[in-house]
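Have a look at the structure below before the remarks.
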Amino acid sequence: MRSPAEIHAPPIPHDLPWVNVASLRMDKQAGRPVLVEFFDFCRVNSLRTLPYLKAWHARYAEAGLRVISVHCPGYGPGRDEDEVRAAVRRLGIEHPVCLDTSFALWDLYATPGWPARYLFDQRLVLFDYHHGEGAYAETERAIQELLGIERDVLAHVHPEDDPEAQIVVPTPEQPGAYSGPYEAGGVWAVLDGPGTVTVNGESHAIPAAGCHPLLQHERHTAGVLDFALGEGMTCHATAFTPGLA
């Protein structure tokens, strides 16, 4: 969505730690477009947007785009900076990541939730923004407009990302390890790891803390989840993703 007003990029608090770079100052980014996305490696909707952020960095960094991910924790594992750094490596994130554990930058942006992305122009004035999943083609075209580039945008990573796709609202997120009926395209769990869990009678190894898939369906499916934790494991939430109608 294009910004309806001239809003300047908030400064990044100087004491926040970073991954992949020593540190960055927002005022030093003037002269290039800057894409800022708030995310959480423990939230499935952040994981679903991440491939686009990584691809935009790979496609447009040499042309001048600066991509910055800001990690704000929604669950316990995300408050451990070592866990976040390990997740950044595991997820193959190469662009700068700011660790905003105390939500200082989150509050400056008045961020409504995860994920949220903000594209600033070369004057560091808000040009385009989007809250939640989706609008990937719109964001990429806005990036291209600022860079003076015209090319095909990325193909959809997930079938549900197609603006023409008909999707069904899934079961709401449930606290802890949920067992029972659900309707969704996929089932995920926010887990401390490593360890094992059992999903509908099958054992799954969990290599590290984070958001992990339990079940995936080709389309929106009604099912029953039987979910049990192995010894020493903690589940912070059970999440459900939309599926095609």
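Assorted remarks:
- Karplus 3J(HN,Hα) series, Hz, for segment 108-119 with 6.51 cos²θ - 1.76 cosθ + 1.60 (x for Gly, Pro): 4, 8, 6, 5, x, x, 9, x, 9, 10, 9, 9
- Folded to 0 to 90 degrees: helix 44-60 orientation relative to the chain principal axis, Cα: 40
- Taking all C-alpha pairs of the chain, those more than 24 Å from each other amount to 48 percent.
- Near Y178, the amide H atoms lying under 5 Å from its own belong to T238; only residues 5 or more places off or on other chains count, and H is placed 1.01 Å from N.
- For the peptides 186-192, 27-33, 110-116, the ranking by packing is 186-192, 110-116, 27-33, with the highest mean count of neighbouring Cβ atoms within 10 Å listed first.
- Low-density loop positions, GluC sites (Glu not before Pro), segment 1-70 - DSSP coil, at most 11 other Cβ in 10 Å: E6, E62
- Proxy reagent accessibility, fewest Cβ within 10 Å first, across H220, H204: H204, H220
- Compared with the dominant Cα axis of the chain, that is its longest principal axis, helix 136-147 is turned about 20°.
- Estimated vicinal HN-Hα couplings, Hz - segment 67-76 in sequence order (Karplus 6.51, -1.76, 1.60; Gly, Pro = x): 9, 10, 9, 10, 8, 10, x, x, 9, x
- Whole-percent P(r), segment 18-161, all Cα pairs, 10 Å bins from 0: 11, 45, 36, 7, 0.
- In the chain, helical runs assigned H by DSSP with n ≥ 4 each contribute -39500 (n - 2.57); averaged across all residues and rounded to the nearest 500, the mean residue ellipticity at 222 nm is -5500 deg cm²/dmol.
- Highest-first arrangement of 139-148, 81-90, 155-164, 64-73, where packing means the average Cβ count within 10 Å: 64-73, 139-148, 81-90, 155-164
- Cα-based helix-to-principal-axis angle, 81-90 vs the chain, degrees rounded to 10: 90
- With contacts taken as Cα pairs under 8 Å at a separation of at least 6 residues, segment 147-245 carries a relative contact order of 39 percent.
- 5 angstrom amide H check on T234, placed H, neighbours 5+ away: D192
- In whole angstrom, segment 167-244 maps to an equivalent ellipsoid with semi-axes of 21, 11, 11, each derived as √(5λ) from the alpha carbon gyration tensor and ordered largest first.
The numbers here are math on the coordinates, done by the rules we state, and not lab data. The shown structure was predicted, so the numbers you read here are calculated from the model rather than taken from an experiment. When we count neighbours, we look across all protein chains shown, and the Cβ atoms used for this are built from the backbone with ideal geometry, even at glycine.
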